[in-house]
Amino acid sequence: MAGDPAADRQALAEVINVGLLWHCLCAITRLEVPERLAAGPLPVADLAAAVSAHPDALRRVLRLVADHHIVTFEQDRVGLTDRGRLLCRDHPSSLSAAFATVGTADVVHGLTDTLRSGRAAAPRVLGMPYWAYLAAHPDQQALFDRSMQQRAQVLSLACVPVLDWPASGTIADIAGGIGTLLAAVLQSTPGAHGILVEQPQVLEHAQPVLEHQGVADRCALHAGDLFAPPPPADLYLLASVLHDWDNEHAAGILTALGHSATSDSRLRIFEMLLPEDTSPHRAKMSDVLMLLMFEGARERTVGQYRTLLESTGWRLERVVASPGPMSIIEARRRVTS
């Protein structure tokens, strides 16, 4: 069937428009415009003064954002819609950190060079690898931690109800951020104890989260390195970790876990899985984000994870789907005779 040239042209033009809107939302979130409007509408001039913005420039950006139901205008007063409130930090379904954190929006212009070289754009644009950039900028580390918390609430937490959790024993979340997933798991299994393994600067922000979720008394904080053996546990969790690394480093992470695991230890990997065929899937978008941000990072197919696990002494047992785009790979240590 022949295509409609006018419709095809409009569809491509919309891609440009959406890209511009993305950057507008990043900019107003970083200036804390939604926070200033949370209490009620303000004149544009007052809002500009409050966020240290140029009044005319701010008005023009918000005029575009209003067309997408983020803000409203009544004469010269601008207000926040329910959709716009999702950009406020305190909203229970907030996406504020996803727009405020220095990340993909700041490095995506380097994709052309990435296509030529195969190298990640983030180290070139930021002047250092992304993890090093976060460590050097505590404010961005805090934003990134919050964005991962918000991401977990959408992706990883949807996996918790579809799995059976041990009634007792120790569950270790490796590189588990500020404990969002581990807290949800411990809430679902009151007889188990947890270990949150993370970098020290991340663990500083974990205790309040665990206390708020009522599991701090059952969860130990362990400052550790991804590539060093963690404390012994009955069940290990790796949620959105392996996709940040190339095969060599991902194998190093799994090998380190194997040094601590026993023949009875289990591993659950939470990741989006690339389809083996050409089916559309959100993992393809995430895969390009990984390409931009980290050297060698990638999303993988089930077959690629099976190969990775087998090469490091693990045996893939099953894959469990969740209501969202994330899946859970369950594995055990391979028994050798």
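Residue-wise test of (1) at pLDDT 95 or above; (2) aliphatic (A, V, I, L, M); (3) within 21 Å of the chain's Cα centre (by Cα).
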site: 217; (1), (2), (3): yes, no, no
site: 220; (1), (2), (3): yes, yes, no
site: 229; (1), (2), (3): yes, no, no
site: 241; (1), (2), (3): yes, yes, yes
site: 244; (1), (2), (3): yes, no, yes
site: 249; (1), (2), (3): yes, no, yes
site: 253; (1), (2), (3): yes, yes, yes
site: 268; (1), (2), (3): yes, no, yes
site: 275; (1), (2), (3): yes, no, yes
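Reported count of residues in the range 116-145, each being crowded, with 20+ Cβ neighbours inside 10 Å and in a loop (DSSP other than H, G, I, E, B), is 2. May I ask you to say which residue of 29, 72 is of a type in the set (Ser, Thr, Tyr), in a helix (DSSP H, G or I) and at negative phi? Being of a type in the set (Ser, Thr, Tyr), in a helix (DSSP H, G or I) and at negative phi holds for just one of 29, 72, which is 29.
Considering only strands (runs of 3 or more DSSP E) fully contained in the range 148-238, which possess at least 3 residues that are touching a residue at least 60 places away in the same chain (Cβ under 8 Å) and open to solvent by less than 40 Å² (accessible area, probe 1.4 Å)?
Working: elements: 170-174, 193-198, 219-223.
Correct list: 170-174.
Can you tell me which residue within the range 242-285, out of those that are free of Cβ contacts under 8 Å to residues at least 24 places away in the same chain and either of a type in the set (Val, Ile, Thr) or farther than 24 Å from residue 129 by Cα (or both), is least open to solvent (accessible area, probe 1.4 Å)? Among them, the one singled out is 279. So which residues in the range 289-319 are under 14 Å from residue 274 (Cα atoms) and either part of a strand (DSSP E or B) or more than 18 Å from the chain's Cα centre (by Cα) (or both)? Result: 300, 301, 302, 303, 304, 305, 306, 319.
The values are calculated or read from the model by the stated rules, or taken from the named source; none is laboratory data. Here the structure is a predicted model, which is why all the values come from computation and not from measurement. We place every Cβ from the backbone using ideal geometry, glycine too, and count neighbours over all the protein chains shown. What goes into the accessible areas is simple: the full protein's heavy atoms, side chains included, and nothing from ligands, DNA or RNA. Shrake-Rupley method; radii C 1.70, N 1.55, O 1.52, S 1.80 Å.
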